[in-house]
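A.B. asks: Supplied in structure tokens, the structure appears directly below.
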Amino acid sequence: MTTFSSAPVLITGGARRIGLALARSFLARSIPVILSYRTPYTELDALRQAGAICLAADFSTTENIYAFAEQIRSLTPRLRAMIHNASRWEPETPTTPPEQTLADMLQIHVYTPYLLNQLLEPCLRGQGIAGADIIHLTDYVVEKGSEKHIAYAASKAALDNMTRSFARKLAPEVKVNAIAPGLILFKEQDDDAYRQQALEKSLMKIAPGEEEIVRLVEYLLSSRYMTGKTLGVDGGRALR
Ligand SMILES: NC(=O)C1=CN([C@@H]2O[C@H](COP(=O)(O)OP(=O)(O)OC[C@H]3O[C@@H](n4cnc5c(N)ncnc54)[C@H](OP(=O)(O)O)[C@@H]3O)[C@@H](O)[C@H]2O)C=CC1
Ligand SMILES: Nc1nc2c(c(=O)[nH]1)N=C([C@H](O)[C@@H](O)CO)CN2
């Protein structure tokens with residue numbers, strides 16, 4: 001059992017991009033962090049230096065999810081929050097059997113959060129009313145669907161629905177909310193034509209960056225009343 005100054009925040013996929021920004025924001029406020037990573041990015045060195053517990057985890061098998069939950073329970077009796085950030089934006093492709101795409105998407109966006117929420121419920125309870133939080137990172141496309149990421153959108157829709165189910169199950173000790181981003185940040189390989197086309201999809205026409213999510217997570221953890229809600233962060237995309 002590891003001794004933490006206070007109950008740690010657990011972030012899945014915390015070694016890059018939005019997950020990394022979230023981990024850094026908590027560490028900067030001396031809030032303990034446990035994060036999972038799959039690829040051992042160089043950022044892990046600085047995260048460990050800053051006190052983060054970084055655990056290698058590939059959630060592509062249910063056995064690995066159970067093993068990860070056991071690791072968490074062996075590290076800490078309590079969690080301040082669990083942020084389900086790990087994800088893969090996998091399109092349908094002609095070379096991937098459609099059943100494989102669907103299985104991949106359900107595994108990371110449904111099996112992983114569902115099982116970790118169930119297995120780590122005892123770590124979230126016992127901290128008083130609104131004492132802990134679960135945050136699901138979903139996607140704007142839950143509302144509209146996506147012709148190129150059908151399985152991805154369906155899996156995120158299941159994750160969105162679980163937000164309300166777990167909110168009902170875990171209240172009032174644990175708040176459960178979803179954040180549904182639109183374009184937040186590009187991938188390095190995104191070319192100018194794609195970037196321009198993506199920016200045109202919203203009213204605000206920007207890719208705001210990770211801080212947009214960091215600030216919303218901070219708000220959700222500070223709330224004593226918000227639960228079962230999906231908060232869209234999409235630049236007014238639905239109004240375009
Ligand atoms: N970026 C954006 O504009 C948007 C993001 N979102 C959502 O916000 C969240 C964060 O987005 P972003 O930072 O871009 O996410 P990324 O695509 O960068 O993925 C986040 C992390 O998930 C990890 N991961 C993927 N599959 C697995 C797995 N099977 N087991 C363990 N870890 C895994 C990845 O590890 P590895 O690096 O090793 O592959 C990666 O570090 C996601 O849930 C995403 O769907 C929603 C809409 C827009
Ligand atoms: N796991 C990920 N999910 C998503 C990503 C990403 O990079 N990783 N990116 C997007 C796009 O930015 C999309 O919102 C652009 O319209 C969606 N999901």
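A.B. asks: Please work out how much length the chain gains when fully extended from Asp190 to Ser165, using 0.36 nm per residue of separation minus the C-alpha to C-alpha distance, in nm with one decimal.
C.D. replies: 5.4 nm
A.B. asks: For Glu212, what is the net charge nearby, where nearby means another residue's Cβ is under 13 Å from its Cβ and Lys, Arg count +1, Asp, Glu -1?
C.D. replies: -2
A.B. asks: Now for a separate question. Which shape class, rounded, prolate or oblate, goes with the range 108-240 when its Cα gyration tensor gives a ≥ b ≥ c as root eigenvalues, a/c under 1.5 marks rounded, and past that a/b bigger than b/c marks prolate?
C.D. replies: On the way: a/c = 2.40, a/b = 1.81, b/c = 1.32.
Prolate.
A.B. asks: Counting each pair of different Cα atoms once, what's the Kirkwood radius of the chain in Å, rounded to one decimal? Mind dumping the intermediate values first?
C.D. replies: Numbers: mean 1/r = 0.0548 Å⁻¹.
It works out to 18.3 Å.
A.B. asks: What full-extension length gain, to one decimal in nm, is calculated for Glu173 and Asp45 as 0.36 nm per residue of separation minus the Cα-Cα distance? Provide the component values of the computation, followed by the final result.
C.D. replies: On the way: separation 128, 0.36 × 128 = 46.08 nm, distance 3.44 nm.
Answer, rounded to one decimal: 42.6 nm.
A.B. asks: Hey, another quick one. Enumerate the lysines that Lys169 could reach by cross-link, defined here as Cα to Cα under 24 Å, with residues fewer than 8 away along the same chain left out.
C.D. replies: Counting by Cα, and skipping residues close in sequence, Lys169 has these lysines nearby: Lys156, Lys229.
A.B. asks: Under 14 Å between alpha carbons, and skipping anything fewer than 8 positions from Lys201 in its own chain: which aspartates and glutamates qualify?
C.D. replies: Those aspartates and glutamates meeting the cut-off are Asp234.
A.B. asks: In addition: For the range 115-156, list residues with backbone N below 20 Å from a point placed 7 Å from the Cα of Ser6 toward its Cβ?
C.D. replies: Counting only backbone N, you get 123-135.
A.B. asks: With a 10 Å cut-off between alpha carbons and a GNM built on the chain, which of Leu106, Leu75, Leu44 moves the most?
C.D. replies: The residue with the greatest mean-square fluctuation here is Leu75.
A.B. asks: Rounded if a/c is under 1.5, else prolate if a/b is larger than b/c, else oblate: which is the range 148-191, with a ≥ b ≥ c the root eigenvalues of its Cα gyration tensor? Mind dumping the intermediate values first?
C.D. replies: On the way: a/c = 4.98, a/b = 2.09, b/c = 2.38.
Note, shape of the range 148-191 comes out oblate.
A.B. asks: Taking the C-alpha atoms of the range 128-170, how large are the radius of gyration and the largest Cα-Cα span, Dmax, in Å?
C.D. replies: When restricted to Cα atoms, the range 128-170 yields Rg and Dmax of 12.7, 43 Å.
A.B. asks: Below 15 angstrom from the Cβ of Gln49, what's the summed charge of the other residues (Lys, Arg +1; Asp, Glu -1)?
C.D. replies: Computed value for this residue: 0.
A.B. asks: Report, for the chain, the % of DSSP beta bridges that are antiparallel, rounded to 5.
C.D. replies: Percentage antiparallel, nearest 5: 0.
A.B. asks: I'd like the distance separating the alpha-carbon centroids of the range 205-238 and the range 99-155, in whole Å.
C.D. replies: That distance is 16 Å.
A.B. asks: If you don't mind, there's one more thing I want to ask. Quick one: among Pro97, Pro40, Pro172, which has the greatest mean-square fluctuation in a GNM of the chain with alpha-carbon springs under 10 angstrom?
C.D. replies: Pro97
A.B. asks: Here is a follow-up. Is the shape of the range 178-239 best called rounded, prolate or oblate, per the rule: a/c under 1.5 gives rounded, else a/b larger than b/c gives prolate, else oblate, with a ≥ b ≥ c the square roots of the Cα gyration tensor eigenvalues?
C.D. replies: Judged from the Cα gyration tensor, the range 178-239 comes out prolate (a/c at least 1.5, a/b above b/c).
A.B. asks: Going through the range 171-212, which GluC sites (Glu not before Pro) have at most 13 other Cβ atoms within 10 Å and a DSSP loop state?
C.D. replies: Hits after loop and neighbour filter: Glu188, Glu200.
Each value in this text was obtained by applying a stated rule to the coordinates, not by laboratory testing. Nothing here was measured: the structure is a model prediction, and the numbers come from that model. Ideal geometry is used to build each Cβ from the backbone, glycine not excepted, and the neighbour counts take in all protein chains shown.
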